[in-house]
Each structure stands twice: as C-alpha cells, then as structure tokens.
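The values are calculated or read from the model by the stated rules, or taken from the named source; none is laboratory data. Just so you know, these numbers come straight off a predicted model, no measurement behind them. Here the Cβ is made from the backbone with ideal geometry for all residues, glycine too, and neighbour counts use every protein chain on show.
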Amino acid sequence: MNREGVPSHVLPPCSLLSTAPPLSEVRGRSLYSRRLERLWAFLEEYYADPDIRLIDAARHSGASPGHLNRLLHRFASTTFHHLLSRYRIEKSLKLLHEKNYTLTEIYSRCGFNSATTFDRQFKKWVGCLPSDYKRRMAIFE
C-alpha cells in the first residue's frame, strides 16, 4: 500500500495520481506559509461541501483569492481548484476501498454535485471511471 491508503497496484501507472507526489508531500511543502496551513485545515473540514469556493477558502486563510492561488502555485505547484479536486478524489478512493458505500454515496460524501462531475474528475485523476475502478479492485482481492 501507498498513496495514503490506496494500493498502488490498483492505480493505472499513467494516471495523474500515480505520477503526482502524495498529498502529504504537497502539504509538507506548504508548511512555510501559515495561510496555506489554514487552507489545509479548511479543506479537511469542508471538502465534502459541494458549494465550497476559492473565495471561502481565501477568507478562511486570511488572503485574497489571487494571493492564495499564488501561494499554492509557489509552494505546492498547484491551484485551489486543482488541490480541492485531487483531495476529493483521494478521499473517494479511500471510501471505495471500504466497500460499504455505493458510488452515489461516495460522490455525495466527497463534495461532488453529480455523478457526471465525479466521473469526469475521477477519470482525470485515476485514468478510468469509478465503476471500472471498482471492478478492477475486485479482481485484485
């Protein structure tokens, strides 16, 4: 296991998640900024809210939206929306491995407004649809 609880053999080798540094490493690079630390606390608490916006995160972090994105780009090589999307997908992967949840429950628990948005983001980050991933996971068990 790696990727913070997700077995690496289940992720396609060319997926964004398998080639990106773990979120813990991204977070470690942002420890140089108190505002980014506040952003992480905000993400951990509110990632499941589908109405979360950059302006809300910026307000919580004590920065303007533009400044927050500049900080993220400088210290973590990402943007707020990119980070939020990735954070939600990694949380959804953990729920998929628990097997107690349907895909509908997972996407709603992780802050996605619809199955279509979840499918699109999941495919972007993991390289396949959530239903395909779930089937692939069953093969490895």
Picking from Ala76, Ala58, which residue would you name as being surrounded by 15 or more Cβ atoms within 10 Å (Cβ to Cβ) and over 24 Å from Ala20 (Cα atoms)? Ala58
Consider only pairs whose beta carbons are under 8 Å apart and that are at least six residues apart or on different chains; among these, list those whose first residue lies in segment 118-141 and is at pLDDT below 90 and whose second residue is not hydrophobic (A, V, I, L, M, F, W, C). Met137/His97; Phe140/Pro7; Phe140/His9
Could we say that Asp56 is acidic (Asp, Glu) and either in contact (Cβ under 8 Å) with a residue 40 or more places away in the chain or closer than 22 Å to Pro130 by Cα (or both) here? no
Out of the residues in segment 66-106 that are part of a helix (DSSP H, G or I), over 14 Å from the mean Cα position of the chain (by Cα) and among the charged types (D, E, K, R), state the one that is nearest to Ser131 (Cα to Cα). Glu105
Only one of Ala41, Ala57, Ala63 is among the hydrophobic types (A, V, I, L, M, F, W, C) and either at pLDDT below 70 or not in a helix (DSSP H, G or I) (or both), namely Ala63
Within segment 125-141, considering residues that are of a type in the set (Phe, Trp, Tyr) and within 20 Å of the chain's Cα centre (by Cα), the one surrounded by the fewest Cβ atoms within 10 Å (Cβ to Cβ): Trp125
Would a scan of segment 85-92 turn up a residue that is in contact with a helix residue (DSSP H, G or I) (Cβ under 6 Å, 6 or more places away or on another chain), free of Cβ contacts under 8 Å to residues at least 60 places away in the same chain and closer than 20 Å to Leu11 by Cβ? yes
Exception for Phe112 within (1) touching a helix residue (DSSP H, G or I) at 6+ places or on another chain (Cβ under 9 Å); (2) without any contact (Cβ under 8 Å) to a residue 60 or more places away in the chain; (3) more than 29 Å from Arg34 (Cβ to Cβ) falls at (2)
Of all residues being within 17 Å of Ala48 (Cβ to Cβ) and under 13 Å from the mean Cα position of the chain (by Cα) in segment 107-124, which is surrounded by the fewest Cβ atoms within 10 Å (Cβ to Cβ)? Just the residue, please. Arg109
